[in-house]
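Here's the structure we're looking at; comments come further down.
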Amino acid sequence: MITMTTSLPMNILQAAFLERLEENVSLARYTSARLGGLADVLVRVNSIEELAEAVSTLWAHGISFTILGGGSNMLVSDAGVREVVILNRARAIRFDENGFPPMVWAESGANFGALARQAGQKGLSGLEWAGGIPGTLGGAVIGNAGAHGSDLAGNLMMAEILHQKEGQVYWTAEDLQLGYRSSRLKQNLGEAVVLAAQLRLAQGDHAQIKARMAEYLSYRRKTQPPGASMGSMFKNPQGDYAGRLIEAAGLKGLQVGGAQISDLHGNFFINHGTATARDVYGLIRTAQQTVKAQFGVQLELEIVLIGDWTEEDRE
Ligand SMILES: Cc1cc2nc3c(=O)[nH]c(=O)nc-3n(C[C@H](O)[C@H](O)[C@H](O)COP(=O)(O)OP(=O)(O)OC[C@H]3O[C@@H](n4cnc5c(N)ncnc54)[C@H](O)[C@@H]3O)c2cc1C
């Protein structure tokens, strides 16, 4: 792990964030892959007011930042992050069970899977598909998280966005240009943040919702490997599956250092405990090159690369 002298204006940051600011924080403990280097500066926010204030302050001073939700869809470089990392722990959730339609409003740092399970416990249906998805609601909006034939776009009524140029806006799935694991915001990270979102639900039968969620979770356990990973590494190409292509290329089980392409699912890359981001990147590159050479398909990353990446990391 490499420690660097920060070029961030520490006097401004310390005055703005006081005890919510930490220096030289390992991001490995905040990511589902359990790897990644140090953040020069990490600022924890516990409400969307704090999130909005932090982002506005950084924009006002021209200081770039990265939002860290559940860290379950990102690969943080071994060299770490020179931008300010904002750890989003704004987690308030409010259900409106008697609304037309019933709905839930939640802050973007709320755990999305837990929110879906809470809805189910209240007999509210519509989010059964999301019960096993790690990470935050904000991360789910950014990547239009989806599973079992559904995705966030199908539930989203509106997202509260703080946009650098447009201020606070309320955007629908259409405004956000939600597509397959993509959004306008994912294309332009740093330009806006998700503060909160309101999701459409429906009255349902508690036992049926519970049964459907259990079925989905059991399917997940059978088809996805346990262990530290980022979930699916690549987007599925049109009409095919990244995992199938990686398996057909003979790459299942391939290991670089402490990282391995899962034996169970070719699109899951596992950290066995000692993996570096560079090891994982080695597997990414091999999978992309081999699949391209054998099938002419360019695999596109679903995950986001965060931090400083050198040419050496990508060799
Ligand atoms: C075991 C496993 C299974 C998974 N299964 C699925 C699945 O079935 N379906 C699926 O879609 N995904 C799946 N994923 C991927 C991941 O859980 C989702 O993409 C999730 O929605 C990411 O949320 P997060 O909070 O962890 O995002 P992070 O990894 O923290 O962030 C992802 C990106 O979004 C940005 N971001 C996060 N929050 C905000 C915000 N509030 N405002 C602005 N930018 C923000 C970050 O800066 C980063 O660029 C899986 C992952 C794992 C590890």
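The values are calculated or read from the model by the stated rules, or taken from the named source; none is laboratory data. This structure is a prediction, so every number in the text was calculated from the model and none was measured. Cβ atoms come from the backbone with ideal geometry, glycine included; neighbour counts cover every protein chain shown. Just the protein is used for accessible areas: all its heavy atoms, side chains included, with ligands, DNA and RNA removed. Shrake-Rupley method; radii C 1.70, N 1.55, O 1.52, S 1.80 Å.
Between Phe100 and Trp59, the C-beta separation translates, for a Förster distance of 41 Å, into a calculated FRET efficiency of about 0.65. Using a probe of 1.4 Å on the protein chains alone, the accessible area found for Thr66 is around 20 Å².
According to the Cα-based calculation, Rg over Rh for segment 46-176 is 0.98, with Rh computed by the Kirkwood formula. What residues from segment 99-126 fall in the zone where the backbone N is under 17 Å from a label point 7 Å along the Cα-to-C-beta line of Asp205? Correct set: 120-126. For the chain, the equivalent ellipsoid derived from the Cα gyration tensor has semi-axes of 29, 28, 16 Å, listed largest first. Solvent-accessible surface (1.4 Å probe) assigned to Asp240 amounts to roughly 40 Å².
Restricting attention to the chain, close to 75% of DSSP beta bridges with both partner residues there are antiparallel. A simple count of charges around Ala130, restricted to other residues whose Cβ falls under 11 Å of its Cβ and scoring Lys, Arg +1 and Asp, Glu -1, yields -1. Taking the Cα centre of the chain as origin, work out the dipole magnitude from +1 charges on Lys and Arg Cβ and -1 charges on Asp and Glu Cβ, in debye rounded to 20. Here the chain has a charge dipole of around 880 debye. With the helix formula -39500 (n - 2.57) applied to DSSP H stretches of n ≥ 4, the chain reaches a computed 222 nm mean residue ellipticity of -8000 deg cm²/dmol. Here segment 196-315 has an Rg and Dmax of 17.2, 55 Å, counting Cα atoms alone. For segment 15-144, give me the percentage of DSSP beta bridges that are antiparallel, rounded to the nearest 5 percent. Rounded to the nearest five, the antiparallel share is 50 percent. With a simple spin-label model that places each label point 7 Å from the Cα along the Cα-to-Cβ direction, the separation between Arg285 and Met157 comes to 4.9 nm. Around the amide H of Leu156, modelled in the peptide plane, lie the amide H atoms of Arg200, all under 5 Å away and 5 or more residues distant in sequence or on another chain. Counted residue by residue at 0.36 nm each, then reduced by the alpha carbon distance between them, the extension gain from Ala214 to Gln14 reaches 67.4 nm. Number of Lys-Lys pairs in the chain with C-alpha atoms under 22 Å apart and a separation of 8 or more places or on different chains: 9.
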